[in-house]
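This report concerns only the one structure given below.
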Amino acid sequence: MPRDGYNGAMESIAAKTIVILISGRGSNMQAIVEARLPLRVAAVISNRPDAAGLAYAREHGLVAEAIDHREFSSRDDFDAALAAAIDRHRPDLLVLAGFMRILGDAFVGRFAGRMINIHPSLLPVFPGLHTHRRALAEGVKVHGATVHFVTPSLDHGPIVIQAAVPVLPDDDEATLAERVLEQEHRIYPLALRWFAEDRLVLDGGRVRIKPGHAGSRDSAQLLMAAS
């Protein structure tokens, strides 16, 4: 079991620090923790006190906090309280992992270039909710997931990596969602490994990935990695 908030085998004072935001069970958060990355998870924060992912985080020795958005009279007030909680942990990167709240422009600006998200579609298509339903309704043959840096525009920003899956003739929302989620659990830890290794470079609204060392865990099966 990880200790002292580390989710990887490399314990180093030089390890980069992340804070993970969740709203539910946090399956992507779990994939990140179990990937044993050379990162320190300073905290897992949810806008829902009953989020199942908080219990998982505590069981794995991580700081787990809840800031209930329902206790605030405005989005700005909630954003301010959330930002203050995050700042106490001084993360190098803010990781949205199934965080189901739209964040205001001021919040996004505060963490510009330091906030990353995963979305269950091949952005820029199907931003927002119900992506699998919309993909099936449009009859697309390929669907997938995207890791991207966050900008004020909803589900928009420099793309780090995408993974594609086929849409099968007998798919429904549940089967397609399951296939996409498997890829989410692969590409999000990989994107964070690149971040930990200082390989992600924001360059004019795009992401470049610097070459890795020999024995890198990059996978040819992960499609459309930024270059």
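The values are calculated or read from the model by the stated rules, or taken from the named source; none is laboratory data. Because the structure is predicted, anything quoted here is derived from the model rather than measured. Here the Cβ is made from the backbone with ideal geometry for all residues, glycine too, and neighbour counts use every protein chain on show.
Applying the selection to the stretch 84-100, what residues are surrounded by fewer than 18 Cβ atoms within 10 Å (Cβ to Cβ) and either of a type in the set (Lys, Arg) or touching a residue at least 60 places away in the same chain (Cβ under 8 Å) (or both)?
Residues of the stretch 84-100 surrounded by fewer than 18 Cβ atoms within 10 Å (Cβ to Cβ): 84-85, 87-88, 90, 92, 100.
Within the stretch 84-100, 88, 90, 92, 100 qualify.
Taking residue 68, is it within 20 Å of residue 26 (Cα to Cα), exposed (fewer than 15 other Cβ atoms within 10 Å of the Cβ) and at pLDDT 95 or above?
Working: within 20 Å of residue 26 (Cα to Cα): yes; exposed (fewer than 15 other Cβ atoms within 10 Å of the Cβ): yes; at pLDDT 95 or above: yes.
The answer is yes for residue 68.
If you go through the stretch 101-126 and pick out every residue that is in contact (Cβ under 8 Å) with a residue 40 or more places away in the chain and over 23 Å from residue 200 (Cα atoms), you end up with 4.
In a residue-by-residue description of the stretch 124-136, the property of being closer than 19 Å to residue 35 by Cβ and modelled with pLDDT of 95 or more applies to no position. Selection over the stretch 51-61 of residues that are part of a helix (DSSP H, G or I) and surrounded by 19 or more Cβ atoms within 10 Å (Cβ to Cβ) gives a count of 4.
Could you look through the stretch 150-203, keep only residues that are on the phi > 0 side of the Ramachandran plot and of a type outside the set (Gly, Ala, Ser), and pick out the one that is surrounded by the most Cβ atoms within 10 Å (Cβ to Cβ)? Lay out the reasoning, then the answer.
At the first step, the residues of the stretch 150-203 found to be on the phi > 0 side of the Ramachandran plot are 155, 157, 198.
Right, trim to of a type outside the set (Gly, Ala, Ser) and you get 155, 198.
Numbers: 155: 20, 198: 9.
Among residues in the stretch 150-203 that are on the phi > 0 side of the Ramachandran plot and of a type outside the set (Gly, Ala, Ser), the one surrounded by the most Cβ atoms within 10 Å (Cβ to Cβ) is 155.
Note on the stretch 21-40: residues that are closer than 18 Å to residue 150 by Cα and either buried (at least 24 other Cβ atoms within 10 Å of the Cβ) or within 10 Å of the chain's Cα centre (by Cα) (or both) amount to 4.
Results for (1) farther than 17 Å from residue 104 by Cβ; (2) part of a helix (DSSP H, G or I); (3) modelled with pLDDT of 95 or more; (4) charged (D, E, K, R), shown as yes or no for each residue.
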position	(1), (2), (3), (4)
31	yes, yes, yes, no
37	yes, no, yes, no
43	yes, no, yes, no
49	yes, no, yes, no
80	no, yes, yes, no
86	no, yes, yes, no
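Residues of the stretch 24-74 that are of a type in the set (Phe, Trp, Tyr) and either touching a Pro at 6+ places or on another chain (Cβ under 7 Å) or free of Cβ contacts under 8 Å to residues at least 24 places away in the same chain (or both): 72 alone. With respect to the conditions (1) touching a strand residue (DSSP E or B) at 6+ places or on another chain (Cβ under 6 Å); (2) modelled with pLDDT under 95; (3) loosely packed, with under 15 Cβ neighbours inside 10 Å, residue 7 falls short on a single one, namely (3).
Contact map, the stretch 158-171: residues that are of a type outside the set (A, V, I, L, M) and at pLDDT 95 or above paired with residues that are surrounded by 20 or more Cβ atoms within 10 Å (Cβ to Cβ) and part of a loop (DSSP other than H, G, I, E, B), Cβ distance under 7 Å, separation 6+ or inter-chain. Pairs shown: 162/122.
Under the condition of being part of a loop (DSSP other than H, G, I, E, B), closer than 24 Å to residue 15 by Cα and among the hydrophobic types (A, V, I, L, M, F, W, C), the residues counted in the stretch 100-119 number 2.
Just the residues that are charged (D, E, K, R) and assigned to a strand (DSSP E or B), please, taken from the stretch 62-78.
Start the filter on the stretch 62-78 by keeping residues that are charged (D, E, K, R), which leaves 65, 68, 70-71, 75-77.
Hit for the stretch 62-78 is 65, nothing else.
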